[in-house]
Amino acid sequence: MIKTDVLIIGAGPTGLFTAHQIKLIGLDCEIVDNLDKVGGQCIELYPDKPIYDIPAVPECTGEELTKNLINQLKPFDIKFHLGERVDEVKKDNINWIVKTNNGKMFSTPNVIIAGGVGSFEPRKFPVKECEKFENKSIFYSVKDKKIFERKTIAIFGGGDSALDWAVELSKNSKVNLIHRRDEFRGAQATVNRVHALVKEGKINLFTKYQMTSVKGNGQLESIDIKNDDDEKKNIKADYALGFFGLIMQLGPIANWGLNLDKKTIEVDTEKFETNQKGIYAVGDICSYPGKLKLILSGFHEGALAARACFKLARPNEKYRFEFTTTSSSLLKRLGKKE
Amino acid sequence: MAKITYITSDAQVHEIEVQNGLTVMEGAVQNNVPGIDADCGGGMACATCHVYVQDDWYDKLSAKEDGEEDMLDMAFEPKKNSRLSCQLIVSDDLDGLVVNIPSKQS
């Protein structure tokens, strides 16, 4: 069980700056994120897209913003738990007990949800029956490529993940690559490599085709695909892999007893606290009258939620408002003063 | 202004007068038309505002920008007439547009 003053869920820009504010006022915090990297939507959805409305930063990309926020956290020692999704939040006397999908447990008086639009999960095949085969013969990521050796694999998708795995698995498996159009969005070099392997007969390529159904008894046996002109084909497959990028899902947050409004969490505008004492929501995931889904709003919300956490983390101390320009205790925490 | 007709997957018809300059996505979200999530808020980064444009309208719409087709690869059950509604900007020319909303966005 990890004890901390504040647990932050979400390592996007709002979560990162909230951590800065928490450490600055002398509290400890740990951050959990379902992605395997820091930056949230800025990194996952638009790393190269310029942003023009961060105060005092005329122009920066999602990736640059993330890098700068990480730099700003350098004076502080913050533990990140990446690739972990928070599944459960339960009250135990005065503390919240937080459990992740990998069984990590936290005990904390304060939980700040900086979860954006929820956690990023792989997009799945639209065909409902695929659920029966999921994690047995249908996968959305590759954990152990050995299971595919000398088997017949159907890979769906047109981006780098689909193409890279088609190239890699074609060495020891029979690979069918299925994509909804002729063009691929993967790196040109990989696209060329795939076309070369198709010529050599190492990869069977089906473009303008999509999955219509899956067949098999316990283990996947074959897949029906159909093209734009309604031509159908049945391809034999022991395994299917789908690479359709990630989608944001509110997921387990919906089960924590919080007041929700569509996909957002209702908060007050003093502490950004939810209807549960000690659980706060900041950034895109929170809602209140006048809410703007801007990164700058997330920074403000995080700064206020951090101050609210102080009261529950240090019940016997009084929070004192100070400026970084003048306060020697803040400058010490920032490493600017002995 | 343009009248846009949104038809949900359970055949509910929503006729909305949408102001010029807004996107077809915004017209739906601002008027609580169900089935268009628009998670990324119109940034062509999530493919959760996917719609099917009725055939007679498809060719009249502005061409897809780079990247829209890439995002449609990830949409739920994309078809020939698929578009991202955040990329369709409403003008008088779009008066009468009919779009079908898929059964799911993810």
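Please give the average number of partner chain Cβ atoms lying within 10 Å of the Cβ of each residue in A:206-212, rounded to a whole number.
The mean count of partner-chain Cβ atoms within 10 Å per residue comes to 1.
Would you mind putting A:217-225, A:32-40 in packing order, based on average other-beta-carbon counts within 10 Å, highest first?
Listed from highest to lowest mean packing, they are A:32-40, A:217-225.
Between A:Met1 and A:Phe76, how high is the FRET efficiency from 1/(1 + (r/R0)^6) when r is the Cβ-Cβ distance and R₀ = 35 Å? Nearest 0.05.
Using R0 = 35 Å, I get an efficiency of 0.95.
Beyond a 29 Å Cα-Cα separation, which of these cross-linked pairs lie in this structure: A:Lys79/A:Lys271; A:Lys199/A:Lys233; A:Lys291/A:Lys311; A:Lys143/A:Lys232; A:Lys3/A:Lys262?
A:Lys143/A:Lys232; A:Lys3/A:Lys262
Normalised by the number of residues in chain B, what is the relative contact order in percent for Cα pairs under 8 Å and 6+ residues apart?
That works out to 43 percent.
For peptide B:69-80, how many partner chain Cβ atoms fall within 10 Å of a residue's Cβ, on average?
Mean partner shielding for this stretch: 6.
Within 10 Å, at most 14 other Cβ atoms, and a DSSP state outside H, G, I, E, B define an exposed site. Report the longest part of chain B free of exposed trypsin sites (Lys or Arg not before Pro).
B:1-59
Could you tell me how far the Cα centroid of segment A:123-188 sits from the Cα centroid of segment A:1-77, in Å?
Using only Cα atoms to place each centre, the spacing works out to 33 Å.
Size of segment A:124-244 along its principal axes in angstrom, Cα-based, largest extent first?
Projected onto its principal axes, the Cα set of segment A:124-244 covers 37, 36, 23 Å.
State the extension gain, in nm to one decimal, for the chain segment bounded by B:Ser91 and B:Thr5, taking 0.36 nm per residue of separation less the distance between their alpha-carbons.
29.5 nm
Can you tell me the Rg and Dmax of segment A:187-265, counting just the alpha carbons, in angstroms?
Gyration radius and largest Cα-Cα distance of segment A:187-265: 19.3, 58 Å.
Lys/Arg Cβ at +1, Asp/Glu Cβ at -1, dipole of the protein assembly as shown taken about the Cα centre: which of A:Val32, A:Ser119, A:Val198 is farthest positive-ward?
Farthest along the dipole direction, towards plus: A:Val32.
Describe numerically, in nm with one decimal, the distance between label points set 7 Å from Cα along Cα→Cβ at A:Thr61 and at A:Glu129.
Reported label-point gap for A:Thr61 and A:Glu129 is 4.4 nm.
Starting from the Cα of A:Lys171, step 7 Å along the direction of its Cβ; do the same at A:Ala254; then give the gap between the two resulting points in nm.
In this crude spin-label approximation the distance works out to 4.1 nm.
Under the 0.36 nm per residue contour assumption, what length would be gained going from the current alpha-carbon distance of A:Lys143 and A:Asp87 to full extension?
18.0 nm
In peptide A:241-248, how many Cβ atoms from other protein chains are near each Cβ within 10 Å, on average?
4
For chain B, what are Rg and Dmax over the alpha carbons, in angstrom?
Every Cα atom of chain B included, Rg and Dmax give 12.1, 32 Å.
Work from the charge dipole of the protein assembly as shown (Cβ charges, +1 for Lys and Arg, -1 for Asp and Glu, about the Cα centre) and give the residue of A:Tyr239, A:Asn110, A:Gly298 farthest towards its positive end.
A:Asn110
For a quick protection proxy, order the peptides A:261-271, A:41-51, A:166-176 by their average other-Cβ count within 10 Å, most packed first.
Taking the mean over residues of other Cβ atoms within 10 Å, the ranking is A:166-176, A:41-51, A:261-271.
Cross-link candidates for A:Lys332: which aspartates and glutamates have Cα within less than 20 Å, leaving aside residues fewer than 8 places away along the same chain?
A:Asp5, A:Asp28, A:Asp77, A:Glu317, A:Glu322
Dipole of the protein assembly as shown, Cα-centred, from +1 at each Lys and Arg C-beta and -1 at each Asp and Glu C-beta, to the nearest 20 debye?
1920 debye
Principal axis lengths of segment A:1-144 from Cα atoms, whole Å, largest first?
Extents along the principal axes, in whole Å: 50, 45, 25.
As a test of the formula, what do you get for chain B when each DSSP H run with n ≥ 4 contributes -39,500 (n - 2.57) and the sum is divided by the residue count, at 222 nm and rounded to the nearest 500 deg cm²/dmol?
Value at 222 nm, helices only, nearest 500: -3000 deg cm²/dmol.
May I ask you to order A:18-30, A:281-293, A:124-136 by the average number of other C-beta atoms within 10 Å around their residues, highest value first?
A:18-30, A:281-293, A:124-136
Might you report the magnitude of the Cβ-based charge dipole of segment A:124-244 about its Cα centre, with Lys and Arg at +1 and Asp and Glu at -1, to the nearest 20 debye?
Using Cβ point charges on Lys, Arg, Asp and Glu, segment A:124-244 gives about 300 debye.
If you project the alpha carbons of the protein assembly as shown onto their three principal axes, what span does each projection cover, largest first, in Å?
Dimensions of the protein assembly as shown along the principal axes of its Cα atoms: 72, 58, 41 Å.
Only the coordinates and a few stated rules stand behind these numbers; no lab work does. All figures in this text were calculated on a predicted structure; none of them were measured in a lab. We place every Cβ from the backbone using ideal geometry, glycine too, and count neighbours over all the protein chains shown.
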